[in-house]
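Novice: What follows is a single structure, and I will ask about it in a moment.
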Amino acid sequence: MCVVVAEATSIPAEPREVTRYGAAQITEISYEQLDAADATEGETAGSGDWIEIYNPSETDKVDLTGWAFTDRSARAIEKNPEVAVGHWFELPELELAPKSFAVLARDEMAFRTAYRDRDNALDALVRGSFKFGLTAKGETVRLLDASNETVYELTYDDKSPWPDTSEGGHSLELIDVRLDPNDPFSWISSYEEGGTPGEINSIAVSWG
């Protein structure tokens, strides 16, 4: 069951940098979509920014309750925690079933409007909006678990050899969940305009 999240007022102290992959992974990131106010009628581009999280396990659920998504490093948070609060989204009560997706959106209502005809996208959407934008020039994003450990970290870029997603509002899609997500050759630009939120990506060599 999805629960509406209140905006964060503080960030747990002393975030720990312990990067690993497996329990839950970012498998798609959309940073080229227009905001709803700038999109033409009917464009999925009006969704604004979003990411997709996937549980690759065949059997195990992942409890994402209290996990956080941020585009700030532990060092940046420690240096300026007041600013970092605006770059911190805490997930609501949520269990991610095996082989299933969760989508986090910068603007929940804009995403719902843009993907209103795509049931898988809406079914995967988590309540709440992470507010901060994802830069098209590349940055580092992280998932932290409820104990405040960094469990997933990805640094993407818009420059070669990273795929070009600028044309038509395409997303960045992971090809294979076994690959290093920080390797640009692990990703492609989505075949479909607006990407594939809540669905297997355009090319999926291994999805578990």
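The values are calculated or read from the model by the stated rules, or taken from the named source; none is laboratory data. Quick caveat, the model's predicted, so the values are computed rather than measured. All Cβ positions, glycine included, derive from the backbone under ideal geometry; neighbour counts span all protein chains shown.
Novice: Among the candidates 153, 149, which residue alone is surrounded by 18 or more Cβ atoms within 10 Å (Cβ to Cβ) and either hydrophobic (A, V, I, L, M, F, W, C) or under 27 Å from residue 179 (Cβ atoms) (or both)? Full working, then the answer.
Specialist: Numbers: 149 fails: surrounded by 18 or more Cβ atoms within 10 Å (Cβ to Cβ).
Answer to the selection: 153.
Novice: Ok, one more. Can you name the condition, by its number, that residue 145 falls short on among (1) acidic (Asp, Glu); (2) in contact with a strand residue (DSSP E or B) (Cβ under 8 Å, 6 or more places away or on another chain); (3) modelled with pLDDT under 90?
Specialist: Evaluating residue 145 over (1) acidic (Asp, Glu); (2) in contact with a strand residue (DSSP E or B) (Cβ under 8 Å, 6 or more places away or on another chain); (3) modelled with pLDDT under 90 leaves (3) as the failure.
Novice: How do the pairs read when you match residues in the range 94-109 that are without any contact (Cβ under 8 Å) to a residue 24 or more places away in the chain with residues anywhere that are polar (S, T, N, Q) and outside any loop (DSSP other than H, G, I, E, B), using Cβ under 7 Å and keeping only pairs 6 or more apart or on different chains?
Specialist: Every condition considered, the pairs that remain are 108/129.
Novice: Sticking with this one: Checking residue 127 against (1) over 19 Å from residue 198 (Cα atoms); (2) surrounded by fewer than 17 Cβ atoms within 10 Å (Cβ to Cβ), which test does it fail?
Specialist: Against the list (1) over 19 Å from residue 198 (Cα atoms); (2) surrounded by fewer than 17 Cβ atoms within 10 Å (Cβ to Cβ), residue 127 comes up short only on (1).
Novice: On to the next question. Residue 6 is checked against (1) modelled with pLDDT of 60 or more; (2) under 13 Å from residue 127 (Cα atoms); (3) touching a Gly at 6+ places or on another chain (Cβ under 9 Å) and fails just one. What number does that condition carry?
Specialist: (1)
Novice: Just need a number here: residues in the range 177-206 that are at pLDDT below 90 and of a type in the set (Asp, Glu).
Specialist: Going through the range 177-206 one residue at a time, the tally reaches 2.
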